[in-house]
Amino acid sequence: MDDAAPLAPASDDQIRDEVAGWLKANWDPSVLTSAQAGRGEAYRAWIAKVVEARWAAPRWPVEWFGRGLSNEQARIVEREFARVGAPGTGQDRTQLYANTLLAKGTEALKAKLIGPILRGEIVMCLLYSEPGAGSDLAGVRTRAELDGDHYVVNGQKVWTSTAATADYGMLIARTNWDVPKHQGLSFFFLPMKQPGVEVRPLRQITDESHFNEVFLTDAIVPAENLLGELGQGWSVLQTALAYERSVMGEGARGPRSGVAEAAGEEPLIALAREAGVLADPMLRQDIARVIAYKKLNALNTARAKADLAQGTSSPVMSLGKLAMSRILHEEARLRTAILGAASLLEGPDHPRAEDANFLTLNAYFTSIGGGTDQIQRNIIGERVLGLPKEPEVDRDVPFREVRGG
Amino acid sequence: MATISADERGALRDSVRRLLADHSAEADVRRAMETEAGYDAELWRRLAEMGLAGLVIEEDFGGAGAGPLELELVMEEAGAALLCSPLLASGVLAAELLRALGDEEAKTRLLPGIAAGTAIATVALTGDAGTWTPEGVAVTAAGGPGDWRLEGVASYVMHGQNADVLLVLANASDGLGVFEVDPAAAGVAIAALPTFDHTLRLARISFEGAPASKLKAAGPVWDAVQQALNLALVGLSGEQAGGARRVLDFTVDYAKARIQFGRAIGSFQAIKHMASDLLLESESAISAARNAARALAEDAPDAEAAISLAAFACAEAFSLTTATSIQMHGGIAFTWAHPAHLYLRRARADAQLFGPPAYYRERYIQQLGG
Ligand SMILES: Cc1cc2nc3c(=O)[nH]c(=O)nc-3n(C[C@H](O)[C@H](O)[C@H](O)COP(=O)(O)OP(=O)(O)OC[C@H]3O[C@@H](n4cnc5c(N)ncnc54)[C@H](O)[C@@H]3O)c2cc1C
């Protein structure tokens, strides 16, 4: 970054005034309401502006687009952004690629990519899962071999979301086959736009194609794109997974129809009102239950955020993804019950059904993607509650000798 | 009704299973669901040849003269194979409505075609509200003998777009009636509805002065409709139970074969316990469906309650089994190419087809005196 002079420490009030003043001078809500909101030029330009003003990742050090703010002060910034509905801050909590890179990347790679990632200029993907290694991610068989100043990568990845448009993928690959499985892994930023990378879209049950198969054939990754030490990939992966899971615990894709719910009203209440079943006592109980799940998860998340310094994970935080999975599946069931026969339908003429259908299917994105609910429960049991691990038959044998799936 | 021995029933199950294994395998289902009609005409012809189109139609009218027990059994196989066919709409719901009404002329004229599978009949019952009760009927009839005219809308009509014969519920000044309508007649507009379950065909039909003839009814019209719905619910329960069991089977097979952490995923308690819970669900569904079939076949005093029980127990077992199955498979079942979502879609549709589980649970407690 060009301007790395340390910022003078500021009081909470000064921070609040500064961010509020800056938003007043710069924020234009039409960025979100314009036709191409979320993807378009105006949105991109806004994010770039937020990055330039050091609001995108205020907890981060000044050398890296930040302000070195404490967690409390960064939350003041987030609240001010939220108050006016402006996106772009909080990336120091939620931007999994940038955070992983900042924590574990080489100086050269950080200098090259952190800015573009924060500004949303490059698309990323996660090259973790393989046909034989999903929950058991340490069992990956994609290999990376050093050849001069670069690694050569061969193998196959699967379920890789956004691979088709990605510029870089965070890759976990095996660099040593003679040690137990967790110890022979390394973590890379793999350039996706190269001849050795072939991406084949997969059709999902939602009838979309966000995820892909990725075939890696003598793909090249510069040595400086290694994150962490060689053979320390598992620990880098844990950092990245913690960010991914905490983000998945806070939210998920909403309805697909694009039909707005009545402003101000709880969407489920609005839906039941519209369907004429708001008086049904059984549905009322269910609606209250699901809204409560959501509210409690939001409260849990807020408490976890307030409690913790950046990058650490809390017991409450690891519950978020599991809680979100239940919320999504239960909401899908409830929306179906509210709609009744109308849930038989689909398509643009039936937007409410479309929403319920999509949620019914896409809820699995949260309950399978990023580690399944079952794995998440194991993690909570073992790492949070300290319950003994199940014996793992292949934990301590050289990976060469491990039975494949 | 002809009496059918247990041996004959076993033989029936075997031959249906064989036929469906050959002609309603997953690839066949996917092909059929992409067609406009939504079913394979050639397979339908074969099913008819085996006597399945007219399974529950009396022998006098070209049917097999079988009853709820055989229907339930055939539908278990149909559900397991995700069979795409107009059987439930035509050979069960419409045929049983004709029988229940007891209009001899209409039976003589319509049932042989339905039994032979050459004519597709369906019942247009509910309106846009989608409630399977007399209050749900949203078509009115005006005029009189020789000149009935229908107005209004019927929706969620199974195979409405494929039907040769429409049996339409309508309110006339003298009460509810069943009217026969030629789908090609002026004033009848049939629109195919896009369905979440691609193996299902539903239509919305609007009537604007559509000419109709009223079928004679030997007793109260809704009683006849309920009789037809009862038989259709037995069939549907069988489909759900058979579907749930098949999904459990392929899921357990996968749990034995898929290795993670150096062992079969089925060796993890998380997976094992889900599978065990689903076994309880799907076995209970089979019991409920067969019990409903038996009760209806025997005309037992508890038949209506047994049907309500099966309606919600089987609907929920099938829904839960398909939903859990996807979770148990992991990422592979999030793909279009995997069959799990086809069953999930079918389960979700079946759970609404003649009214949701909540409706049948309420009916159940009422039937128990609550
Ligand atoms: C929509 C979607 C998007 C995805 N995007 C990406 C992506 O961008 N990049 C990427 O790398 N991956 C991605 N994934 C893959 C995802 O991370 C894996 O699907 C997931 O980790 C599960 O792995 P698997 O599919 O191989 O299932 P498996 O690991 O084979 O699991 C099958 C079943 O066994 C259970 N199981 C496995 N091990 C245990 C155990 N020890 N204890 C109890 N139960 C166990 C699982 O919970 C599951 O129910 C995505 C998946 C989905 C559905």
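For the range B:309-318, how many residues are surrounded by fewer than 24 Cβ atoms within 10 Å (Cβ to Cβ) and under 16 Å from A:Thr360 (Cα atoms)? Before you say what the answer is, go through the steps one by one.
First, pick out the residues of the range B:309-318 that are surrounded by fewer than 24 Cβ atoms within 10 Å (Cβ to Cβ): B:312, B:316.
Imposing the further condition that a residue be under 16 Å from A:Thr360 (Cα atoms) reduces the set to B:316.
The total comes to 1.
Applying the condition of being touching a Ser or Thr at 6+ places or on another chain (Cβ under 8 Å) and at pLDDT 95 or above to the range A:230-250 and asking which residue is farthest from the other protein chains (Cβ to nearest Cβ) yields A:Leu230. If you go through the range A:264-273 one residue at a time, do you hit one that is over 24 Å from A:Arg75 (Cα atoms) and within 14 Å of another protein chain (Cβ to nearest Cβ)? Yes.
Screening A:Tyr97 against (1) outside any helix (DSSP H, G or I); (2) within 19 Å of the chain's Cα centre (by Cα); (3) of a type in the set (Phe, Trp, Tyr) leaves a single unmet condition, (1).
Would it be correct to say that B:Gln269 is of a type in the set (S, T, N, Q) and surrounded by fewer than 21 Cβ atoms within 10 Å (Cβ to Cβ)?
Working: of a type in the set (S, T, N, Q): yes; surrounded by fewer than 21 Cβ atoms within 10 Å (Cβ to Cβ): yes.
Here the answer is yes, as B:Gln269 does meet what is asked.
Checked across the range B:210-226, the condition of being under 29 Å from B:Leu83 (Cα atoms), more than 14 Å from chain A (Cβ to nearest Cβ) and within 16 Å of the ligand (Cβ to nearest atom) holds for no residue. The set of residues in the range B:314-331 being without any contact (Cβ under 8 Å) to a residue 24 or more places away in the chain and either more than 22 Å from B:Arg258 (Cα to Cα) or of a type in the set (Val, Ile, Thr) (or both) consists of B:Ile326 alone.
Whether any residue in the range A:72-94 is more than 14 Å from every other protein chain (Cβ to nearest Cβ), small (Gly, Ala, Ser) and either closer than 27 Å to A:Val199 by Cβ or within 16 Å of the ligand (Cβ to nearest atom) (or both) is what I want to check. No, because not a single residue in the range A:72-94 is more than 14 Å from every other protein chain (Cβ to nearest Cβ), small (Gly, Ala, Ser) and either closer than 27 Å to A:Val199 by Cβ or within 16 Å of the ligand (Cβ to nearest atom) (or both).
Among B:Ala305, B:Ala313, which is within 22 Å of B:Val74 (Cβ to Cβ), outside the structural domain of B:Glu77 (by TED's automatic domain parsing) and away from the ligand (no atom under 16 Å from the Cβ)? Before you say what the answer is, go through the steps one by one.
Values: B:Ala305 fails: within 22 Å of B:Val74 (Cβ to Cβ).
Every option except B:Ala313 fails the conditions.
For the range A:128-205, the strands (runs of 3 or more DSSP E) that sit wholly inside it and include 3 or more residues that are crowded, with 17+ Cβ neighbours inside 10 Å, modelled with pLDDT of 95 or more and away from the ligand (no atom under 14 Å from the Cβ) are A:150-161, A:185-191. Go through A:Arg79, A:Arg75 for me and flag whichever is in contact (Cβ under 8 Å) with a residue 60 or more places away in the chain and not assigned by TED's automatic domain parsing to the domain that holds A:Glu213. Going through A:Arg79, A:Arg75 in turn, the sole match is A:Arg75.
Among the residues of the range A:117-127, is there at least one that is outside any strand (DSSP E or B), within 14 Å of chain B (Cβ to nearest Cβ) and crowded, with 17+ Cβ neighbours inside 10 Å? The answer is no; no qualifying residue exists.
Can you tell me which residue is surrounded by the most Cβ atoms within 10 Å (Cβ to Cβ) among those in the range A:349-375 that are free of Cβ contacts under 8 Å to residues at least 12 places away in the same chain and away from the ligand (no atom under 16 Å from the Cβ)?
Just the residues of the range A:349-375 that are free of Cβ contacts under 8 Å to residues at least 12 places away in the same chain, to begin with: A:349-350, A:368.
Narrowing the set further to residues that are away from the ligand (no atom under 16 Å from the Cβ) leaves A:349-350.
On the way: A:Asp349: 10, A:His350: 21.
Per the stated criteria, the residue is A:His350.
For the range B:323-339, the candidate set comprises residues that are at the interface with another protein chain (Cβ under 8 Å from one of its Cβ atoms) and assigned to a helix (DSSP H, G or I); within that set, the residue that is nearest to B:Gly235 (Cα to Cα) is B:Ala323.
Answer with yes or no whether B:Ala358 is buried (at least 22 other Cβ atoms within 10 Å of the Cβ), within 14 Å of chain A (Cβ to nearest Cβ) and closer than 23 Å to A:Ala353 by Cβ. If you could, list the steps in order and put the result at the bottom.
On the way: buried (at least 22 other Cβ atoms within 10 Å of the Cβ): no; within 14 Å of chain A (Cβ to nearest Cβ): yes; closer than 23 Å to A:Ala353 by Cβ: yes.
It is false that B:Ala358 is buried (at least 22 other Cβ atoms within 10 Å of the Cβ), within 14 Å of chain A (Cβ to nearest Cβ) and closer than 23 Å to A:Ala353 by Cβ.
Selection over the range A:362-374 of residues that are modelled with pLDDT under 95 and farther than 13 Å from A:Ala252 by Cα gives a count of 1. Taking the criterion of being part of a loop (DSSP other than H, G, I, E, B) and surrounded by fewer than 20 Cβ atoms within 10 Å (Cβ to Cβ), the residues of the range A:47-70 that qualify are A:Ala53, A:Pro61, A:Gly68, A:Ser70.
Look through the range B:340-352, keep the residues that are within 20 Å of B:Val252 (Cα to Cα) and of a type in the set (Gly, Ala, Ser), and return whichever of them is farthest from the other protein chains (Cβ to nearest Cβ). That would be B:Ala347. All of B:Ser287, B:Ser319 fail the test of being under 23 Å from B:Asp350 (Cβ atoms), of a type in the set (Ser, Thr, Tyr) and within 14 Å of chain A (Cβ to nearest Cβ), apart from B:Ser319.
I'd like to verify a number: residues in the range B:236-276 that are in contact (Cβ under 8 Å) with a residue 24 or more places away in the chain and either more than 9 Å from the ligand (Cβ to nearest atom) or touching a strand residue (DSSP E or B) at 6+ places or on another chain (Cβ under 6 Å) (or both), how many? Adding up the residues that qualify gives 16.
The values are calculated or read from the model by the stated rules, or taken from the named source; none is laboratory data. Nothing here was measured: the structure is a model prediction, and the numbers come from that model. Using ideal geometry, Cβ is built from the backbone for each residue, glycine included, and neighbour counts are taken over all protein chains shown.
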